[in-house]
Amino acid sequence: MSELSDSTGSTPTIRPAVAAGGKMGALPLVYLVGAGPGDPGLITLSGAGALARAATVVYDNLANTELLKHCPEDAELIYAGKSSGDHALTQDQINDLLVSLAAKLKSDPGREGRCVVRLKGGDPYVFGRGGEEGQILRRAGIPFQVIPGITAGIAGPGYAGIPVTHRDFTSTVTFVTGHLQDSSAASAAADAAETEGPGVNFTALAELGGTLVFYMGVKTLPALTAKLMAAGLDPQTPAAIIHRATFAAQKTLVSSLGSVAQAARQAQVKAPAITIIGRVVTVRDELNWFESRPLFGRTVLITRSRQQASMLAESLTALGAQVVEAATVETIAPQDFSEVDRFLRQLKSYSAVVFTSANGVDAAWRRLRSLGMDSRAWPDRVAAIGPATAAALAGIGVTADIIPETFVGEALALELTKCFGKNKTGAAALTGQRFLLLRADIARPVLREELLRAGATVDDVAVYRTVVPKELPPAAKTVLASASLDWITFTSASTAENLWTMLTAEQREMVRRIKRLSIGPITSAAMTRLGWPPTLEAASHDISGMIEALLQSEG
Ligand code: SAH
């Protein structure tokens, strides 16, 4: 047994007291992690770190599923549900599950250092039953830790431009559950039996005033505002309700205590929403940053090939747009690996192995590993066509020796000739040199041709294939079908052509009705051929140019 597992107290003969309450000091098997309110940037470093070590994640409906990208590929992901009416698992089932997952992990020596993550929206201990889950774990003798998250009651107002405290208005902020059991009871008679848990003292709340933040109170808003007014809180007190706070779809409605329930009903505000009551709401006029970003409220569908950097998506998101991505190229394994394997087994015999995409690096490395080889298999020199490919190599522990100044096949051939030609040029420059190109099935032939022309021996092998996906991902389908899509972007002729093949006749027609942004003339020509002439073409034919064009058009 290793020292590490020794210290977890897993040997009952040494630590018989485990069953009687566990050891707080042992290495945690389970982490109760706060996911934050929605914006995937609002998880803590510790929370993301726990996800990165997760063997299993049990996540709630309120935790943004984008966060699951922090998990290792082999992590088991279990949805525990819990939007109202959708209880994928009951609380008792969740409790049992956490205990059994922890026990399973503990008895699996292959998973040392891994953990079970219970990922909960906001903060686990704020109206999230995280306290109960912690108690269950503790009683079962399972070492766990809590990693707090940013609760919706603070982040939501913050993103709506409302500071929960402010020296001019209040020195207190109170978090209250609006989860009254009888949602139709508009009566001001606050009966403790009506409320979940120990009940809410509305008289005390009204007297305290300050900032009141209500969770879970959309359906019960008429009842709880009535109770507050009956207890003496001024109906003119400013109030706001924030729906889907910190998401691109955030909506804020500003009103007063007396009118907010009716206003919310008229606007059909649904859960999840935070209601904030107090004079701090007035500060929003000055501090509303999130909803006043230039592309806030716009939905943009981005067509892209997998290899392309996500800079367009990231920039548009930062400017406030809701971005939905549709990959127009998919990478798949070759039909038959036998040829690839033959070349991989003689890697060392080459002067250099040459990569022209990050996908090539990933595919080759995965195959190499599955053949039982490792990093010692590489030849002395490894070439990359550009920084993204070099970064993928760095990711597997290989520093690219050769990267051309411009990131195209011609330049890479020239650079290889410089390195291996020993100052010779022309037809014999690379005589005796052998290169292995590990690329896509549709890679441009120019690199191979140039190397051959210089006298080299070249093996050009497809380690992966690119295909056009059969259909749109679900999120893209949904926005295309809804009236909510504002723009669709095209960054190359092939993104337009591939998208066209992926769509049904009806979907093609929908694209015609949406504003279309093109990166430049070649793309525009292809779009026009397809019956989708661009609404807008970027003046400078790059991603920054596209962003500039959108901002000008929407600004
Ligand atoms: N533990 C969570 C709260 C869980 S209770 C936290 O700390 O935030 C669920 C309630 O939280 C919802 O009904 C809603 O009132 C609030 N909530 C959670 N996420 C929200 C969001 N993105 N926008 C608005 N309200 C949210």
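Okay, here's what the table says:
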quantity	calculated
Ratio Rg/Rh [Cα only; Rh per Kirkwood] for region 333-466	0.94
Set of aspartates and glutamates with alpha-carbon distance to K515 below 12 Å, sequence-local pairs under 8 removed	D486, E537, E554
Value at 222 nm in deg cm²/dmol, rounded to 500, when DSSP H runs of n ≥ 4 in the chain each add -39,500 (n - 2.57)	-9000 deg cm²/dmol
Above-threshold pairs, the threshold being 19 Å between Cα atoms, out of K120/K219; K219/K251; K120/K227	K120/K219; K120/K227
Mean shadow area of region 240-339, taken as a quarter of the surface of its Cα convex hull (nm²)	9.6
Only Lys, Arg (+1) and Asp, Glu (-1) charged, at Cβ; the chain dipole about Cα centre in debye	760
Binned Cα-Cα distance frequencies in region 155-287 - 5 Å width, integer %	2, 12, 23, 26, 21, 12, 4, 1, 0
Potential extension, R513-R345 segment - 0.36 nm per residue separation minus Cα distance	55.2 nm
Alpha carbon convex hull of region 457-498, volume per residue in cubic angstrom	108
Karplus 3J(HN,Hα) series, Hz, for region 269-278 with 6.51 cos²θ - 1.76 cosθ + 1.60 (x for Gly, Pro)	5, 10, 5, x, 8, 10, 10, 10, 10, x
Whether the chain is rounded, prolate or oblate, judged on the alpha carbon gyration tensor where a/c under 1.5 counts as rounded	oblate
Among G141, L228, P473 - extreme Cα towards positive end, dipole of the chain, charges at beta-carbon	P473
Residues with amide H under 5 Å from that of A456, placed H, sequence gap 5 or more	L430
C71, C115, C419, ranked by accessible area, largest first (probe 1.4 Å)	C419, C71, C115
Over region 16-150: Rg over Rh, Cα atoms, Kirkwood Rh	0.94
Candidate aspartates and glutamates for bridging to K348, where Cα separation is under 14 Å - those fewer than 8 sequence places away on the same chain excluded	D374, D380, D459
E415 accessible area, 1.4 Å probe, all protein chains in place, Å² to nearest 10	40
Area accessible to solvent at H179, 1.4 Å probe radius, in Å²	70
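The values are calculated or read from the model by the stated rules, or taken from the named source; none is laboratory data. It should be emphasised that the depicted structure is a prediction, and the values quoted were computed from it without experimental measurement. For neighbour counting, all protein chains shown are included, and Cβ atoms are generated from backbone atoms with ideal geometry for every residue, glycine included. Side chains are part of the model used for accessible areas, which takes the heavy atoms of the whole protein and leaves out ligands, DNA and RNA. Shrake-Rupley method; radii C 1.70, N 1.55, O 1.52, S 1.80 Å.
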